[in-house]
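The values are calculated or read from the model by the stated rules, or taken from the named source; none is laboratory data. Note that the structure is predicted; figures quoted are calculated from it, not measured. Note: ideal-geometry Cβ built from the backbone for every residue, glycine included; neighbour counts use all protein chains shown. The area values use the complete protein model at the heavy-atom level, side chains included, leaving out ligands, DNA and RNA. Shrake-Rupley method; radii C 1.70, N 1.55, O 1.52, S 1.80 Å.
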Amino acid sequence: MQPVEPLEEWKTPPFEPTIIDGKVFARGSADDKGQFYMHVKAMEIMANTNTMITNIKFIIEGEEEVGSSNLGKFVAANKELLKADVILISDSSLLSMDTPSLDTGVRGLSYIEVEVTAANRDLHSGIYGGAVANPIVVLSKMIAACHDENNHVTIPGFYDDADITSEEERALINKAPFNEKEYKSDIGVKELWGEKGFTTYERTGIRPTLELNGIWGGYQGEGSKTVLPAKASAKISARLVPSQNSEKMTKLLLDYFNNAGPSCVTVRAFEHHGGEPYVTPITSKGYISASKALETTFGKEVIPVRSGGSIPICNTLEKELGIKIIFMGFGLDSDGLHSPNEKYNIENYFKGIETIPYFHKFFAE
Amino acid sequence: MSQIWKDYQEQHKERFLNEMMDLLRIPSISARSEHKEDMYKCAEAVKASLLATGCGKAEVMETGGHPVVYGEKLLIRPNLQYWFMVTTMCSPWNHWKNGKPLRLNRL
């Protein structure tokens, strides 16, 4: 699971699950303990009603949020044990309870940290201010230069390997209902932001993006302290789409930032975890079975969507095991994943448990 | 088939929810080294849940990093369908008493 900070913004303690208004509030409720556990309970239902018709293997990992680097090695070393016909992952969202959907892909990820250093120690801002470069200013400028006025990423080569999505697929993506007002009010933003020329679903589904995850430097304690900091740092990530490659993008970002600082500072950029993008075909038996299962329990047409998130192990799983992955998630984008007050609606939890047995049934047919 | 599933879920709804909430009580935060023990605690809890739910086999396996839990329930049928699921690690199990999961008694 993700860390819980900022802790003070949680209305209920993150590890004391609390039910409010039909929702379970806790870290990991929707991402992903609540979702993974639906499969365990779906299996219980099938087993205890003598209706189990498929074999089930579970792999529950603990490094999804930090890149799954060890799971890749584990899978490679245990191919026989993990032999299967299809892989089912429940770590994604429905468009809404009225619009059931299946994710058809996840974005990849590159993640780096950039540290800018000027002096060998924090300095008195009165004695040295104005005479020595301030790493916070330098880093802020480097970061601000990464997007142009149309919110395109300016880093040379950033879009090079990104597949251009066909007009047909873009039309399909934009078929999904999008309530801009609700979207904005749910997260409390005044207006939407993003790469010019693309809709919100396109921005998070088919386009690579660059995000600042954290930035720090200097004095951040109570009151004021007049200091010219020695260092400033930022955590920077990129979400990738097919056919971009995480390793290549990480190198591109490291090279860029290592050379983006003026000569008055020292820049040190280093990598964290990454993951490759993945897309699953909507014509596979697994996808069709999942779609039929959702259609059965929701009574509505199921819409394929490209997820904005990343599940770093997908690419490795298909490569090592040679099987397709189906993303059948029951969360909602408004569940507050990675944020304070993460929740999972009880209704969604039970709907998932209700739907999963149908997937097994249809796949075995 | 659907009615049998529905009835079973209806009967066990409360337990299904409580079990999931029990899992949320272990702070298994993968990025933080101080929660390394919680990752193992969580893995053991997941293993117990799989065994209690009917998996013939469930193991906590080392990966070099945080452990994974492998579990399987295989039918003895000639025309085997295999599945497997990958999700993120879950949390603790508050059902332990005298070294035994209470859930076993409830099933």
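Run down A:Thr283, A:Thr296 and say which single residue is within 13 Å of another protein chain (Cβ to nearest Cβ), open to solvent by 20 Å² or more (accessible area, probe 1.4 Å) and β-branched (Val, Ile, Thr). Testing whether each residue is within 13 Å of another protein chain (Cβ to nearest Cβ), open to solvent by 20 Å² or more (accessible area, probe 1.4 Å) and β-branched (Val, Ile, Thr) leaves just A:Thr296.
Scan A:Lys79, A:Lys73 and give me the residue that is at the interface with another protein chain (Cβ under 7 Å from one of its Cβ atoms), open to solvent by 10 Å² or more (accessible area, probe 1.4 Å) and over 18 Å from A:His360 (Cα atoms).
On the way: A:Lys79 fails: at the interface with another protein chain (Cβ under 7 Å from one of its Cβ atoms).
On inspection, the qualifying residue turns out to be A:Lys73.
Before we move on, is A:Ile326 open to solvent by less than 10 Å² (accessible area, probe 1.4 Å) and either in a strand (DSSP E or B) or among the basic types (Lys, Arg) (or both)?
yes
Given the condition modelled with pLDDT of 90 or more and β-branched (Val, Ile, Thr), answer yes or no: does some residue in segment A:304-314 qualify? Taking every residue of segment A:304-314 in turn, none turns out to be modelled with pLDDT of 90 or more and β-branched (Val, Ile, Thr).
Residues in segment B:1-41 that are outside any helix (DSSP H, G or I) and not β-branched (Val, Ile, Thr): B:Met1, B:Leu24, B:Arg25, B:Pro27, B:Ser28, B:Ser30, B:Ala31, B:Arg32.
For segment A:299-313, the set of residues classified as over 26 Å from A:Val241 (Cα atoms) and either open to solvent by less than 20 Å² (accessible area, probe 1.4 Å) or within 14 Å of chain B (Cβ to nearest Cβ) (or both) consists of A:Gly299 only.
Is it fair to say B:Met21 is within 7 Å of another protein chain (Cβ to nearest Cβ), within 19 Å of A:Glu16 (Cα to Cα), without any contact (Cβ under 8 Å) to a residue 40 or more places away in the chain and more than 11 Å from the chain's Cα centre (by Cα)?
Numbers: within 7 Å of another protein chain (Cβ to nearest Cβ): yes; within 19 Å of A:Glu16 (Cα to Cα): yes; without any contact (Cβ under 8 Å) to a residue 40 or more places away in the chain: yes; more than 11 Å from the chain's Cα centre (by Cα): yes.
Considered against the rule, which asks whether it is within 7 Å of another protein chain (Cβ to nearest Cβ), within 19 Å of A:Glu16 (Cα to Cα), without any contact (Cβ under 8 Å) to a residue 40 or more places away in the chain and more than 11 Å from the chain's Cα centre (by Cα), B:Met21 comes out as yes.
Cβ-Cβ contacts under 6 Å between residues 6 or more apart (or on different chains), taken from a first residue in segment A:120-140 that is in the same structural domain as A:Val265 (by TED's automatic domain parsing) to a second residue that is open to solvent by 50 Å² or more (accessible area, probe 1.4 Å) and modelled with pLDDT of 95 or more, are listed as A:Ser125/A:Thr226; A:Ala133/A:Cys264; A:Pro135/A:Lys231.
Looking at segment A:117-131, is at least one residue among the β-branched types (Val, Ile, Thr) and open to solvent by 60 Å² or more (accessible area, probe 1.4 Å)? Among the residues of segment A:117-131, at least one is among the β-branched types (Val, Ile, Thr) and open to solvent by 60 Å² or more (accessible area, probe 1.4 Å), which makes the answer yes.
Given B:Ala58, B:Ala52, which one is part of a helix (DSSP H, G or I) and either modelled with pLDDT under 50 or in contact with a Leu (Cβ under 9 Å, 6 or more places away or on another chain) (or both)? Only one candidate passes the filter, namely B:Ala52. Counting only strands (runs of 3 or more DSSP E) wholly contained in segment A:183-284, the ones carrying 2 or more residues that are in contact (Cβ under 8 Å) with a residue 24 or more places away in the chain and small (Gly, Ala, Ser) occupy A:231-240. Here A:Gly205 passes the criteria (1) touching a strand residue (DSSP E or B) at 6+ places or on another chain (Cβ under 6 Å); (2) on the phi > 0 side of the Ramachandran plot except the one numbered (2).
Each residue in segment A:204-227 was checked for being at pLDDT 95 or above, under 18 Å from the mean Cα position of the chain (by Cα) and surrounded by 15 or more Cβ atoms within 10 Å (Cβ to Cβ), and 4 pass. Residues that are open to solvent by 10 Å² or more (accessible area, probe 1.4 Å) and either among the hydrophobic types (A, V, I, L, M, F, W, C) or in contact with a helix residue (DSSP H, G or I) (Cβ under 8 Å, 6 or more places away or on another chain) (or both) within segment B:31-47 comprise just one, B:Ala31. Inside segment A:82-104, residues that are acidic (Asp, Glu) and surrounded by fewer than 23 Cβ atoms within 10 Å (Cβ to Cβ) make up a count of 2. Scanning segment A:254-280 for residues that are surrounded by fewer than 19 Cβ atoms within 10 Å (Cβ to Cβ) and aromatic (Phe, Trp, Tyr) yields a single hit, A:Phe270.
Would you point out the residue of segment A:189-203, among those that are aromatic (Phe, Trp, Tyr) and at pLDDT 95 or above, that is surrounded by the most Cβ atoms within 10 Å (Cβ to Cβ)? Across segment A:189-203, the extreme among qualifying residues is A:Phe198.
Of all positions in segment A:88-106, at least one carries a residue that is away from chain B (no Cβ under 14 Å) and of a type in the set (Val, Ile, Thr).
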